[in-house]
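All remarks here apply to the structure that follows.
The values are calculated or read from the model by the stated rules, or taken from the named source; none is laboratory data. Every value quoted in this text rests on a predicted model; they were computed, and no experiment measured them. We place every Cβ from the backbone using ideal geometry, glycine too, and count neighbours over all the protein chains shown.
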Amino acid sequence: MPLKQAPVLILVTEVAAAFVGFSYVVGAVREDHPEAAVLRNSMRGVAELALVAGAGALFALVLNAFELAPEASWRIASIGLAVAWSAAHFYASKRFRRAGSQMTKLSNGLGPLVCSLAGIVLLFWNAVFPSAMSGPRFVLAVSLSLAASALLFVFATFASGE
């Protein structure tokens, strides 16, 4: 049975790929920037969050190809994405603190942090309490990953050095 959310998941994958590309272009083009190492670290975070969203969306689509029950597909995809996202968030936070990034300031990092935590909570909710709303919650979670990536991109690109 095809997933109702398949078109949105495909769109998330495409947008995620664009975010990854933009982050690498900005990181490469601004090599002469006074804070190039910090900017590169931030662009890596943008790419990681976009990859989390894209990989999560693709994982749900691949699971659906095996014709699992929708509840099982959403539960497995949610667990996999929640674990991957949590690990990426943990290691990125450590990397930002070590680099002394502007993103460690609450005013800069609050948006991506809230988006990440809300998305991870939605995924764990799907894993523990699956329901007919698991699909929409999953789509919202991967959208929050893209939102966190976009916020990080904006802050790193336009607010660095302030």
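The residue that is surrounded by the most Cβ atoms within 10 Å (Cβ to Cβ), counting only those in the range 82-98 that are free of Cβ contacts under 8 Å to residues at least 12 places away in the same chain and within 24 Å of ARG137 (Cα to Cα), is VAL83. Confirm whether ALA77 is part of a helix (DSSP H, G or I), buried (at least 16 other Cβ atoms within 10 Å of the Cβ) and touching a Ser or Thr at 6+ places or on another chain (Cβ under 7 Å). In short, no.
Taking the conditions exactly as written (at pLDDT 90 or above and either farther than 12 Å from ALA150 by Cα or assigned to a helix (DSSP H, G or I) (or both)), does VAL46 satisfy them or not? When the stated conditions are applied, VAL46 does not pass them.
Residue by residue through the range 105-134, note down the ones that are touching a Leu at 6+ places or on another chain (Cβ under 8 Å) and modelled with pLDDT under 95. Give the steps one after another, and end with the answer.
Restricting attention to the range 105-134, the residues satisfying the condition of being touching a Leu at 6+ places or on another chain (Cβ under 8 Å) are 111-112, 115-116, 118-119, 122-123.
Listed by number, the residues that qualify are GLY111, PRO112, CYS115, SER116.
Residue by residue, here is whether (1) in contact with a strand residue (DSSP E or B) (Cβ under 7 Å, 6 or more places away or on another chain); (2) under 22 Å from GLY111 (Cβ atoms); (3) in contact (Cβ under 8 Å) with a residue 24 or more places away in the chain holds:
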position: THR13; (1), (2), (3): no, no, yes
position: GLU31; (1), (2), (3): no, no, no
position: ALA36; (1), (2), (3): no, no, no
position: ASN41; (1), (2), (3): no, yes, yes
position: LEU61; (1), (2), (3): no, no, yes
position: GLY80; (1), (2), (3): no, no, yes
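Would it be correct to say that SER149 is within 15 Å of the chain's Cα centre (by Cα) and either among the small types (Gly, Ala, Ser) or modelled with pLDDT of 95 or more (or both)? Yes: the conditions hold for SER149.
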